[in-house]
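Only one structure is covered here, and it is reproduced in the block below.
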Amino acid sequence: MANNHKEKLEQAQKYVDSIKNQVALSKYRQGYHFMAPASWINDPNGFIQYKGKYHLFYQYNPYDSKWGSMYWGHAESEDLIKWNHLPIALAPSEFYDDDKDGGCFSGSAVDDNGVLTLMYTGTTTSEEGTVQVQCIATSDDGVNFEKFEGNPVILPNFIEGNRDFRDPKVWKEGDLWYVVIGTTKNNEGRALLYSSCDLRQWNFVSVLAESNGELGSMWECPDFFKIGDKHVLMLSPMELGSTITMYLVGDMDYSTGKFTWTQKGKVDFGFDFYAPQSLVDDKGRRIVIGWANSWPWMKCFTDFGPNMEDKWNGAMSLPREVKLDERTGKLKFIPVEEIRDYRKEENKVQLNTLNGSKDIIIRNKDRYEMLFNIDLKATTAKELIIKLRENKKGVAILRLDIKNKKLIFDRNNCDGYNKGIKSCDLDLFEDTLSVNIFSDNISIEVFTDDNKVAMSNNIYPLECSNKVNLEAVDGEIVFNSFDIWRIEV
């Protein structure tokens, strides 16, 4: 078993190493968002702080720029922004995970008394359909992993013929380990809860939570954690229209294994944010990161973009700290403070009042952070229109509709790949409003409304542009501050 796994890892790593220098030349490579050295990635996995360093694993097809039999890629970081690539961690090599249409699917990581322990879904296919089981792999050095000889540790739970049973997220509560696993029943998403004293022998506890008929058909990549005195179930529901990630906030009763939620919301309102996973670090922060892309089955999907032709596809979002907004009960998603260490060349825009239209020239072109604060009491305009990454062939448009309390992102005329408009409601409870925009080579992330709104979108501009256009509609916009920084990692 071990030799076969080691051989497949070495073969995959050798192939990635042979093409990574060529891939690095792709003009679409991100500047400060995590990417694999080459090839396809999707869900973040095993997100953990282990022995002082942040570790990020991810779904990986090392041999192609499209989805295939899944491996686990691996990287580590001191600060969540600058990542060091490590050898591929897991390869499909055993009877329970070696399949061209399956592999080592998503999962999580825990520190078990110094042993970095991964739990993942082994996926294969049979004449009856997909078979999904939960498996363990361990490492003493945090780099080289061995699969547990007793795998699988949790067998399929064929509830009324259901074969969706995946994406284990593990945590410890008291003396017991718990894991939440996504599944479905009668075409309604649900999360199953198991417990263990040793991560090897697991007992079914309960249905932690399930759809009420309005929360999707299958819950992928569930994550369960505590924020303040509340618990949060974060998930990626399938077949829920434009909603592709969401959270439920409520209370957990470990004596019954039941989670009762009272508040729901979206983790991200954009086109390109899926399968988020969280960790808690030694500063006590709950930090989440997501796959900055979407699937063809999603209502919002149009194209993976031109980078597939350059032998790579996929990146991660900016990591975000999660906090509970006491006023509304909603979650706040705040870009981690470490990104500020990579701010260069501050450009303080001399803009107090905007009437009509104004161009801003950005010296650093595509990779920048923009942060401005609006005085809502003094502002009379109905709307602020921001044209981002504008060139002769396209533009991405962000509209801040102050009158109707909405944020709208329009990429219909941005490039030859993506289409669509995303919008969300804003509370606008305060007298001022901060808007934080992160632009990278192929992405725009927006954080606003006291960070209760995050919106992540991919774009593929056909030309570079260093121009931003601002337009106040039917009145004037009054700014308290307006700053731009080049971001360089």
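The values are calculated or read from the model by the stated rules, or taken from the named source; none is laboratory data. Values in this document were obtained by computation on a predicted structure and should not be read as measured data. Counting neighbours? That spans all protein chains shown, and the Cβs are built from the backbone with ideal geometry, glycine included.
In the stretch 87-103, what residues are among the small types (Gly, Ala, Ser) and not in a strand (DSSP E or B)?
We begin by selecting, within the stretch 87-103, every residue among the small types (Gly, Ala, Ser); these are 89, 91, 93, 102-103.
If the condition is that a residue be among the small types (Gly, Ala, Ser) and not in a strand (DSSP E or B), then Ala91, Ser93, Gly102 are the ones that fit.
If I filter the stretch 300-311 for residues that are in a strand (DSSP E or B) and either crowded, with 22+ Cβ neighbours inside 10 Å or in contact with a Pro (Cβ under 6 Å, 6 or more places away or on another chain) (or both), do I get at least one hit? Don't jump to the end; show me each part of the working.
Pass one, the stretch 300-311, residues in a strand (DSSP E or B): none.
No.
Could you check Gly305 against (1) farther than 23 Å from Thr243 by Cβ; (2) in contact (Cβ under 8 Å) with a residue 60 or more places away in the chain and say which number it fails?
Of (1) farther than 23 Å from Thr243 by Cβ; (2) in contact (Cβ under 8 Å) with a residue 60 or more places away in the chain, only one is false for Gly305: (1).
How about the stretch 163-183: which of its residues are within 22 Å of the chain's Cα centre (by Cα) and either crowded, with 19+ Cβ neighbours inside 10 Å or under 19 Å from Gly216 (Cα atoms) (or both)?
Of all residues in the stretch 163-183, those within 22 Å of the chain's Cα centre (by Cα) come to 164-171, 179-183.
Matches in the stretch 163-183: Asp164, Phe165, Arg166, Asp167, Pro168, Lys169, Val170, Val179, Val180, Ile181, Gly182, Thr183.
Of the conditions (1) surrounded by fewer than 21 Cβ atoms within 10 Å (Cβ to Cβ); (2) touching a residue at least 60 places away in the same chain (Cβ under 8 Å); (3) not polar (S, T, N, Q), Trp295 satisfies every one except a single condition; which number is it?
Just one mismatch for Trp295, condition (2).
Among the listed residues Ile442, Ile421, Ile408, Ile437, which satisfies the condition of being touching a residue at least 60 places away in the same chain (Cβ under 8 Å), over 19 Å from Phe482 (Cβ atoms) and aliphatic (A, V, I, L, M)?
Numbers: Ile421 fails: touching a residue at least 60 places away in the same chain (Cβ under 8 Å); Ile408 fails: touching a residue at least 60 places away in the same chain (Cβ under 8 Å); Ile437 fails: over 19 Å from Phe482 (Cβ atoms).
That would be Ile442, the only listed residue that is touching a residue at least 60 places away in the same chain (Cβ under 8 Å), over 19 Å from Phe482 (Cβ atoms) and aliphatic (A, V, I, L, M).
Scan the stretch 120-127 and tell me whether some residue there is in contact with a strand residue (DSSP E or B) (Cβ under 9 Å, 6 or more places away or on another chain), modelled with pLDDT under 95 and either crowded, with 22+ Cβ neighbours inside 10 Å or among the charged types (D, E, K, R) (or both).
No, there is no match, as no residue in the stretch 120-127 is in contact with a strand residue (DSSP E or B) (Cβ under 9 Å, 6 or more places away or on another chain), modelled with pLDDT under 95 and either crowded, with 22+ Cβ neighbours inside 10 Å or among the charged types (D, E, K, R) (or both).
Kindly indicate whether Gly213 is of a type in the set (Gly, Ala, Ser) and under 26 Å from Asp253 (Cβ atoms).
Values: of a type in the set (Gly, Ala, Ser): yes; under 26 Å from Asp253 (Cβ atoms): yes.
Spelling it out, Gly213 is indeed of a type in the set (Gly, Ala, Ser) and under 26 Å from Asp253 (Cβ atoms).
The rows are residues; the columns are (1) at pLDDT 95 or above; (2) within 27 Å of the chain's Cα centre (by Cα); (3) surrounded by 19 or more Cβ atoms within 10 Å (Cβ to Cβ); (4) of a type in the set (A, V, I, L, M, F, W, C).
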site: Asn391; (1), (2), (3), (4): no, no, no, no
site: Leu400; (1), (2), (3), (4): yes, yes, yes, yes
site: Leu428; (1), (2), (3), (4): yes, yes, no, yes
site: Glu476; (1), (2), (3), (4): yes, no, no, no
site: Phe482; (1), (2), (3), (4): yes, no, yes, yes
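List the strands (runs of 3 or more DSSP E) that sit entirely inside the stretch 225-298 and contain at least 2 residues that are more than 14 Å from the chain's Cα centre (by Cα).
Working: elements: 230-238, 246-253, 258-266, 274-280, 286-291.
The strands (runs of 3 or more DSSP E) meeting that bar are 230-238, 246-253, 258-266.
Any idea how many residues of the stretch 184-222 are among the β-branched types (Val, Ile, Thr) and either under 16 Å from Lys258 (Cα atoms) or in contact with a Cys (Cβ under 6 Å, 6 or more places away or on another chain) (or both)?
Our first condition is that a residue be among the β-branched types (Val, Ile, Thr); within the stretch 184-222, this holds for 184, 205, 207.
Going one step further and asking which of them are either under 16 Å from Lys258 (Cα atoms) or in contact with a Cys (Cβ under 6 Å, 6 or more places away or on another chain) (or both), we end up with 205, 207.
Within the stretch 184-222, residues that are among the β-branched types (Val, Ile, Thr) and either under 16 Å from Lys258 (Cα atoms) or in contact with a Cys (Cβ under 6 Å, 6 or more places away or on another chain) (or both) number 2.
Go through the stretch 62-86 and count every residue that is within 20 Å of Ser18 (Cβ to Cβ), in a loop (DSSP other than H, G, I, E, B) and not polar (S, T, N, Q).
5
Tell me, yes or no, whether the stretch 350-373 has at least one residue that is touching a helix residue (DSSP H, G or I) at 6+ places or on another chain (Cβ under 9 Å) and either surrounded by 19 or more Cβ atoms within 10 Å (Cβ to Cβ) or modelled with pLDDT of 95 or more (or both).
Filtering the stretch 350-373 for residues touching a helix residue (DSSP H, G or I) at 6+ places or on another chain (Cβ under 9 Å) gives 369.
The next check asks that each one be either surrounded by 19 or more Cβ atoms within 10 Å (Cβ to Cβ) or modelled with pLDDT of 95 or more (or both); those that pass are 369.
Scanning the stretch 350-373 turns up at least one residue that is touching a helix residue (DSSP H, G or I) at 6+ places or on another chain (Cβ under 9 Å) and either surrounded by 19 or more Cβ atoms within 10 Å (Cβ to Cβ) or modelled with pLDDT of 95 or more (or both).
Test of understanding: among Lys66, Lys51, Lys82, which residue is among the charged types (D, E, K, R) and farther than 19 Å from Asp281 by Cβ?
Working: Lys51 fails: farther than 19 Å from Asp281 by Cβ; Lys82 fails: farther than 19 Å from Asp281 by Cβ.
Within the list Lys66, Lys51, Lys82, the selection yields Lys66.
For Gly416, are the conditions met, namely being in contact (Cβ under 8 Å) with a residue 24 or more places away in the chain, closer than 26 Å to Gly290 by Cβ and surrounded by fewer than 16 Cβ atoms within 10 Å (Cβ to Cβ)? Full working, then the answer.
Numbers: in contact (Cβ under 8 Å) with a residue 24 or more places away in the chain: yes; closer than 26 Å to Gly290 by Cβ: yes; surrounded by fewer than 16 Cβ atoms within 10 Å (Cβ to Cβ): yes.
It is true that Gly416 is in contact (Cβ under 8 Å) with a residue 24 or more places away in the chain, closer than 26 Å to Gly290 by Cβ and surrounded by fewer than 16 Cβ atoms within 10 Å (Cβ to Cβ).
If I ask for residues that are under 22 Å from Lys172 (Cβ atoms) and without any contact (Cβ under 8 Å) to a residue 40 or more places away in the chain, which ones from the stretch 54-99 would you list?
None - no residue of the stretch 54-99 is under 22 Å from Lys172 (Cβ atoms) and without any contact (Cβ under 8 Å) to a residue 40 or more places away in the chain, so the list stays empty.
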